[in-house]
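The values are calculated or read from the model by the stated rules, or taken from the named source; none is laboratory data. Computed from a prediction, not measured in an experiment: that's the story for all the values here. Reconstructed Cβ throughout: ideal geometry from the backbone, glycine too, with neighbour counts over all protein chains shown. Just so you know, the surface numbers come from the protein's heavy atoms only, side chains and all, with ligands and any DNA or RNA stripped out. Shrake-Rupley method; radii C 1.70, N 1.55, O 1.52, S 1.80 Å.
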Amino acid sequence: AGMPALRFNSPSSACFVPTDRILRIWVNHEPSWGRGVRPLISDVEVQVNMPDMLVKLYDLPEADPLVEKLADEGIIIRTAMPYEKHQVVEWVRDAFGDSWASESDVAFSNGPVSCYIATEAGRIVGFACYDSSRRNFFGPTGVAETERGRGIGRALLVSCLHAMAAHGYAYAIIGATGTFDFYTKAVGATVIEGSSPGIYRDRLKGKDE
């Protein structure tokens, strides 16, 4: 959760692809990766240190200023509706892969739905879930590549964390993140030592692995 897709447009088209908290180096025949992309050579697995982080839910920044600023720009931050499940899950799958799509699907089984989305002109531009990977876990979360840097991810994060606080949690866990600076600056998150790989162990291999 929280780990964005990393893409490098180099002559070899080498891409780092997040797959269940493991980065895989793929050498593709195209300058970008997406659904259906297949490597020309065997992929090389690289284990990385991606520990969990802890957030104090009783000491959060206000969400309203972040949400209102985006609303002025035409971006709405809100809870996803149950009837939007297929659209949200499909968008997450297309943008971030099957694993995050599965986790976002679980969020729609909670009552109320534990998934926030960012929309612009009726289209999804970001999402964030909680209580999907595990109880008291924030994530997964992601923003469309073309919309990053506008404060959408921060607004989704803080909105979710306030919802978790309203459910009675005193702390939240951000699972297996590599974006420490973002979470530390946004909500004062701290690294949980010895938490990598955490709950993400014994990962099932995909049909093409």
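Among the residues of region 175-209, which ones are touching a helix residue (DSSP H, G or I) at 6+ places or on another chain (Cβ under 7 Å) and assigned to a loop (DSSP other than H, G, I, E, B)? THR177, ALA189 - these are the residues of region 175-209 that are touching a helix residue (DSSP H, G or I) at 6+ places or on another chain (Cβ under 7 Å) and assigned to a loop (DSSP other than H, G, I, E, B).
Filter region 163-206 down to the residues that are of a type in the set (D, E, K, R) and in contact (Cβ under 8 Å) with a residue 40 or more places away in the chain, then identify the one that is farthest from LEU54 (Cα to Cα). Reasoning before the result, please.
Here is the first cut: in region 163-206, the ones of a type in the set (D, E, K, R) are 181, 185, 193, 201-203, 205.
Adding the requirement that they be in contact (Cβ under 8 Å) with a residue 40 or more places away in the chain leaves 193, 203.
Values: GLU193: 10, ARG203: 23 Å.
The residue in question is ARG203.
The set of residues in region 130-186 that are surrounded by fewer than 16 Cβ atoms within 10 Å (Cβ to Cβ) and among the aliphatic types (A, V, I, L, M) comprises ALA166, ALA170. Among the residues of region 60-89, those that are over 13 Å from VAL125 (Cα atoms) and either in contact with a strand residue (DSSP E or B) (Cβ under 7 Å, 6 or more places away or on another chain) or open to solvent by 90 Å² or more (accessible area, probe 1.4 Å) (or both) comprise GLU62, ASP64, VAL67, GLU68, LYS69, ASP72, THR79, TYR83, HIS86.
On inspection, ALA101 qualifies as within 14 Å of the chain's Cα centre (by Cα) and surrounded by fewer than 21 Cβ atoms within 10 Å (Cβ to Cβ).
Kindly indicate whether ASP131 is of a type outside the set (Val, Ile, Thr), on the phi > 0 side of the Ramachandran plot and modelled with pLDDT under 95.
Details: of a type outside the set (Val, Ile, Thr): yes; on the phi > 0 side of the Ramachandran plot: yes; modelled with pLDDT under 95: no.
Considered against the rule, which asks whether it is of a type outside the set (Val, Ile, Thr), on the phi > 0 side of the Ramachandran plot and modelled with pLDDT under 95, ASP131 comes out as no.
Quick one: would you say THR119 is assigned to a strand (DSSP E or B), within 19 Å of GLY178 (Cβ to Cβ), open to solvent by 10 Å² or more (accessible area, probe 1.4 Å) and not basic (Lys, Arg)? It is false that THR119 is assigned to a strand (DSSP E or B), within 19 Å of GLY178 (Cβ to Cβ), open to solvent by 10 Å² or more (accessible area, probe 1.4 Å) and not basic (Lys, Arg).
Does ARG150 satisfy being part of a loop (DSSP other than H, G, I, E, B), of a type in the set (D, E, K, R) and touching a residue at least 60 places away in the same chain (Cβ under 8 Å)? So ARG150 passes the test.
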